[in-house]
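A.B. asks: One structure, pasted below without further comment.
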Amino acid sequence: MKPDFHCHTTASDGSLTPCELIDRAVSQGITHLAITDHDTTKGYEEARECAQQQGICLVPGSEISCQWRGHTIHVVGLGVDVTHPRLQSGLQYNRVLRWKRALAMEDRFRQKKGWSLLPDILPQVKEGMIGRNHFAQALMAQGHVSTQKQAFDRFLKKGKPMFVDVVWPSLAEITQWITQAGGMAIVAHPHLYKLTSNKLNQMLVEFVNAGGQGLEVVNQPRVCSEQFAMAQRAEKFGLYASMGSDFHRPEQHWRNLGWLQPLPARCRPVWEWLAARGQFESVPCAKTSTDV
Ligand code: AMP
Ligand code: MN
Ligand code: MN
Ligand code: MN
């Protein structure tokens with residue numbers, strides 16, 4: 001089994017269409033994939049048919065933005081019923097927040113720099129999901145920066161002049177959207193939040209109390225100390241362990257679909273939970289649940 005349970009398509013801020021992503025996943029030998037576009041399930045919905053044709057097991061998913069004590073946290077929901085009204089109204093609410101932020105960012109770029117980015121961005125925005133990555137791509141296209149990293153470092157990340165804060169729904173609330181839709185809530189890339197070890201533990205306590213069940217333990221192609229620390233946390237808090245590359249675009253040559261370390265020993269893999277709930281049978285899969 002070769003899983004990847006975190007990646008993006010043109011339905012959010014990735015560069016491959018859902019079907020192009022499936023093709024790439026197949027060519028990388030991925031057997032079990034979750035498309036987890038930001039604040040939408042459209043990537044999964046669009047990829048379903050291609051996944052069936054290619055015989056790859058596609059798990060429904062989304063990466064949802066929320067906040068905990070002023071920090072923006074990303075929670076991946078896997079195995080959700082994408083028709084669930086509470087989940088879909090929540091995702092829609094987040095996308096409206098994203099549009100408000102985008103308009104405020106456009107104003108700032110116009111006032112402080114005299115640049116207009118939205119006309120370049122709008123044709124790229126599918127399914128109403130607009131993000132900072134779209135601004136980064138437009139800044140590159142207009143020649144204001146040469147890399148995505150530069151766009152974030154100079155303009156887009158927290159503390160920089162064009163950063164507009166969003167008050168996302170709370171961690172507990174979006175965890176409930178996911179669990180009510182029958183899915184598993186998983187804290188994505190936990191090492192990225194600049195939380196102290198204590199704070200991260202406090203967050204996980206609240207997450208578990210709200211019904212959260214998973215932690216993204218592995219998201220790197222290399223061995224790193226963080227994944228062992230996260231594996232220990234998963235065990236301590238009784239969380240299932242997930243793994244995902246967070247693939248966005250082929251130009252990011254340091255990450256690729258399925259380029260992941262194996263889960264550390266003693267982790268309870270999320271696919272056990274998914275297989276037990278029949279998630280791997282809802283779409284035809286290259287391997288049956290007994291193989292995973
Ligand atoms: P958003 O959810 O629209 O605020 O944007 C978050 C997305 O921006 C992440 O999923 C990444 O794709 C990208 N991103 C965030 N921070 C950085 C950074 N420092 N450098 C490059 N890309 C980033
Ligand atoms: Mn992204
Ligand atoms: Mn993320
Ligand atoms: Mn992501």
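The values are calculated or read from the model by the stated rules, or taken from the named source; none is laboratory data. The structure presented is a predicted model; accordingly, all values stated were derived computationally and were not measured. Counting neighbours? That spans all protein chains shown, and the Cβs are built from the backbone with ideal geometry, glycine included. Surface areas here come from the heavy atoms of the whole protein model, side chains and all, with no ligands, DNA or RNA. Shrake-Rupley method; radii C 1.70, N 1.55, O 1.52, S 1.80 Å.
A.B. asks: Out of region 133-151, which residues are open to solvent by 40 Å² or more (accessible area, probe 1.4 Å) and either within 16 Å of ligand 4 (Cβ to nearest atom) or within 19 Å of residue 246 (Cβ to Cβ) (or both)? Let's see the steps before the verdict.
C.D. replies: Just the residues of region 133-151 that are open to solvent by 40 Å² or more (accessible area, probe 1.4 Å), to begin with: 137, 140-144, 146-150.
137, 147, 148, 149 - these are the residues of region 133-151 that are open to solvent by 40 Å² or more (accessible area, probe 1.4 Å) and either within 16 Å of ligand 4 (Cβ to nearest atom) or within 19 Å of residue 246 (Cβ to Cβ) (or both).
A.B. asks: Which one is modelled with the lowest pLDDT among residues in region 153-162 that are away from ligand 3 (no atom under 16 Å from the Cβ), in a loop (DSSP other than H, G, I, E, B) and not aliphatic (A, V, I, L, M)? If you could, list the steps in order and put the result at the bottom.
C.D. replies: First, the residues of region 153-162 that are away from ligand 3 (no atom under 16 Å from the Cβ): 153-155, 159-162.
Adding the requirement that they be in a loop (DSSP other than H, G, I, E, B) leaves 159-162.
Next, only the ones that are not aliphatic (A, V, I, L, M) stay: 159-161.
Working: 159: 96, 160: 96, 161: 92.
Going through the qualifying residues, I end up with 161.
A.B. asks: Of 47, 51, which residue is without any contact (Cβ under 8 Å) to a residue 60 or more places away in the chain and buried (at least 22 other Cβ atoms within 10 Å of the Cβ)?
C.D. replies: Values: 51 fails: without any contact (Cβ under 8 Å) to a residue 60 or more places away in the chain.
The conditions single out 47.
Listed here are the residues, each with its yes/no results for (1) within 19 Å of the chain's Cα centre (by Cα); (2) touching a residue at least 40 places away in the same chain (Cβ under 8 Å); (3) away from ligand 3 (no atom under 16 Å from the Cβ).
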{"position": "205", "(1), (2), (3)": "no, no, yes"}
{"position": "224", "(1), (2), (3)": "no, no, yes"}
{"position": "229", "(1), (2), (3)": "no, no, yes"}
{"position": "232", "(1), (2), (3)": "no, no, yes"}
{"position": "240", "(1), (2), (3)": "yes, yes, yes"}
{"position": "255", "(1), (2), (3)": "yes, no, no"}
{"position": "265", "(1), (2), (3)": "no, no, yes"}
{"position": "268", "(1), (2), (3)": "no, no, yes"}
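A.B. asks: Output the number of residues of region 230-273 satisfying the condition of being within 11 Å of residue 5 (Cα to Cα), among the aromatic types (Phe, Trp, Tyr) and more than 16 Å from ligand 2 (Cβ to nearest atom).
C.D. replies: 1
A.B. asks: Filter region 17-52 down to the residues that are under 15 Å from the mean Cα position of the chain (by Cα) and closer than 17 Å to residue 249 by Cβ, then identify the one that is nearest to ligand 2 (Cβ to nearest atom).
C.D. replies: Out of the qualifying residues, it is 38.
A.B. asks: Have a look at 126, 100, 112 and point out the one that is among the charged types (D, E, K, R) and at pLDDT below 95.
C.D. replies: Values: 100 fails: at pLDDT below 95; 112 fails: at pLDDT below 95.
The match here is 126.
A.B. asks: Give the number of residues within region 163-218 that are buried (at least 16 other Cβ atoms within 10 Å of the Cβ) and either modelled with pLDDT under 95 or among the hydroxyl-bearing types (Ser, Thr, Tyr) (or both).
C.D. replies: Qualifying residue count, region 163-218: 4.
A.B. asks: Does region 131-149 include one or more residues that are within 16 Å of ligand 2 (Cβ to nearest atom) and touching a Lys or Arg at 6+ places or on another chain (Cβ under 7 Å)?
C.D. replies: Looking through region 131-149, at least one residue is within 16 Å of ligand 2 (Cβ to nearest atom) and touching a Lys or Arg at 6+ places or on another chain (Cβ under 7 Å).
A.B. asks: Follow-up question, since we're still on this one. I'd like the full set of residues that are under 17 Å from residue 243 (Cα atoms) and open to solvent by 10 Å² or more (accessible area, probe 1.4 Å), limited to region 59-79.
C.D. replies: 74
A.B. asks: Further, regarding this structure: So, of the residues in region 238-255 that are open to solvent by less than 40 Å² (accessible area, probe 1.4 Å) and more than 15 Å from ligand 1 (Cβ to nearest atom), which turns out to be farthest from residue 35 (Cα to Cα)?
C.D. replies: Among residues in region 238-255 that are open to solvent by less than 40 Å² (accessible area, probe 1.4 Å) and more than 15 Å from ligand 1 (Cβ to nearest atom), the one farthest from residue 35 (Cα to Cα) is 239.
A.B. asks: Quick one: what pairs do we get from region 95-106, first residue in a helix (DSSP H, G or I), second more than 16 Å from ligand 2 (Cβ to nearest atom), C-beta under 6 Å, 6+ apart or different chains?
C.D. replies: Going by the 6 Å Cβ cut-off, the qualifying pairs are 101/164; 104/164; 105/162; 105/164; 106/118.
A.B. asks: If you scan region 15-39, which residues turn out to be within 16 Å of ligand 1 (Cβ to nearest atom) and either open to solvent by 10 Å² or more (accessible area, probe 1.4 Å) or in contact with a Leu (Cβ under 6 Å, 6 or more places away or on another chain) (or both)?
C.D. replies: As a first pass, look at region 15-39 and keep what is within 16 Å of ligand 1 (Cβ to nearest atom): 15-16, 21, 34-39.
15, 16, 34, 38, 39, listed by residue number.
A.B. asks: Filter region 129-152 down to the residues that are assigned to a loop (DSSP other than H, G, I, E, B) and within 19 Å of residue 74 (Cα to Cα) and list them by number.
C.D. replies: 129, 130, 131
A.B. asks: Which residue, of 225, 197, 242, is among the small types (Gly, Ala, Ser) and under 16 Å from residue 74 (Cβ atoms)?
C.D. replies: After applying the criteria, what remains is 242.
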